[in-house]
Amino acid sequence: MRKSHGRSRTASRLSASLDQRLNFYALAASAAGVSLLALAQPSEAKIVYTKTHQVIGTNGIYPLDLNHDGTIDFIIQERLQPNTGNGGSSGVWAKEAFGNAVQGDGGLASALSKGALIGPQQRFISSEGSLGEVMVEFWSTPDGGGSTGRWANLSNRYLGLRFRIGGKVHYGWARLSVEVGNGIVTTMTGYAYETTPNKAIRAGQTQGPADDGMSPDLTGAGIPSLERKTLGQLALGTRQASLWRRP
């Protein structure tokens, strides 16, 4: 787990029972409901694309089943710990099932631009924190506050994904927008995966091979973390949010 520069990280420490509630098998029923919304894909397709529009929202969880087999591959989750005398935090994380991973480094998920390559040559991370890999996070403490992540106020960027089907590695992407204001609004508008094991895919690609001449734009992969700043006034969405209840 990454060290937190003296900030209170109570939101990142899950009780055993709450962690159980986040496990992927417990969410299988939810995933089955989501998969019914997707159109059936032709069996010969090399890339399977699913168009969607899911607003995750404060303290929301979206179980991502890339290939609609009833098994959760990733969870996109937003958490808010309202500001108290000891501080507060708010953010968005991508949490992977065992054996899966997110493209990124240093515990931070990359915000890829359309055309970025997602495949065996890229760097993937997993299990960097109990909530998953950071997309964006803000926190405040009695001494100030700070922020980290690569996804704040970005539209139509791509999360690079590595996951397993029948024990074999596949690559895919999820397209998301993250708006930071009086709260955080995360919206997923589509996802896709390559049906051929160990074969690369480009961010935003919905058909054809990864080397089909689609112009790569890797600028999203190198977006620097947000500069640390005082966020004493920041308890994003506190008024409208409710705490995750501990059993």
Worksheet item: In region 84-101, what count of residues is obtained for those that are in a strand (DSSP E or B) and more than 11 Å from ILE184 (Cβ to Cβ)?
Response: 9
Worksheet, complete the sentence: When region 149-198 is checked residue by residue, the ones that are assigned to a loop (DSSP other than H, G, I, E, B) and without any contact (Cβ under 8 Å) to a residue 24 or more places away in the chain are GLY166, GLY167
Worksheet item: Picking from GLY208, GLY220, GLY115, which residue would you name as being at pLDDT below 95, of a type outside the set (S, T, N, Q), surrounded by fewer than 20 Cβ atoms within 10 Å (Cβ to Cβ) and not in a strand (DSSP E or B)?
Response: GLY208
Worksheet item: For GLN121, which of the numbered conditions (1) in a strand (DSSP E or B); (2) under 24 Å from ALA200 (Cβ atoms) fails to hold?
Response: (1)
Discussion item. Suppose we filter region 74-122 for residues that are charged (D, E, K, R), touching a Gly at 6+ places or on another chain (Cβ under 9 Å) and without any contact (Cβ under 8 Å) to a residue 60 or more places away in the chain; how many remain?
Written reply: 0
Worksheet item: Looking only at residues in region 55-83 that are of a type in the set (A, V, I, L, M, F, W, C) and not in a loop (DSSP other than H, G, I, E, B), which one is farthest from ILE201 (Cα to Cα)?
Response: LEU80
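The values are calculated or read from the model by the stated rules, or taken from the named source; none is laboratory data. The model shown is predicted, which means the values in this text are computed figures rather than measured ones. Don't worry about glycine lacking a Cβ; one is built from the backbone with ideal geometry, like all the others, and counts go over all protein chains shown.
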